[in-house]
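We did not get these values from a lab; they are worked out from the coordinates using the rules stated. Not measured: the values here are computed from a predicted model. Quick reminder, even Gly has a Cβ in these numbers, built from the backbone with ideal geometry, and neighbours come from all protein chains shown.
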Amino acid sequence: MIRVFVQGLTIDSASNSPILILKEMEGERTLPIWIGLLEATAIASELESVSFSRPMTHDLMRNLLEALGRSVSRVEVVDLRDNTFYALIHLLGPEGEISIDSRPSDAIALALRTEAPIYVAEKVLERSGLTVKSTDEDAEEKWKEILESMDPDDFGKYKM
């Protein structure tokens, strides 16, 4: 497993779909995952430290886990099958660790709220990862170039 962080969110100009960008902590590879608008909003609100008067879904999940004496130890994007990404949320509790199947976008929204580490399986990065060598200042421009150079059939290729 390769440790990653949320580099940011961008929009696929061809389909107007949000794209979650994960970047490996020690390296240049990134993983774009096309996600839904609601999931992008959940991730963006946490990245921007936006608070709401009432708990949003992922805040409720965090609160429920805490109330039940569980914590998120890590989340992992573990597979890519039939153009669909698969993730696991690993929970620690009194009886040990359990793993819960999840969409990557939900797992990452929860990881951000619980400050849990995020990992991607090497095989997923090998199949879908991109290498973007750039500084933070020009990363957005590099992503724009990559997305514009892709074939329109590639957009929406990977599902959440």
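One table, with the values for the structure above:
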read-out: Under 5 Å, built H, 5+ apart or other chain: amide partners of Gln7; value: Ile21, Leu22, Lys23
read-out: Rounded, prolate or oblate (a/c below 1.5 giving rounded, otherwise prolate when a/b exceeds b/c) for the range 1-112 by Cα gyration tensor; value: oblate
read-out: Interchain or long-range residues, amide H under 5 Å from Ala87's placed H; value: Val78, Ser102
read-out: Order by protection proxy (mean Cβ within 10 Å, highest first), peptides 14-22, 48-56; value: 14-22, 48-56
read-out: Calculated FRET efficiency for the pair Arg127/Ser49, C-beta based, R₀ 30 Å, to 0.05; value: 0.35
read-out: Residue exposure sequence - Thr57, Thr114, Thr41 - by fewest surrounding Cβ within 10 Å; value: Thr57, Thr41, Thr114
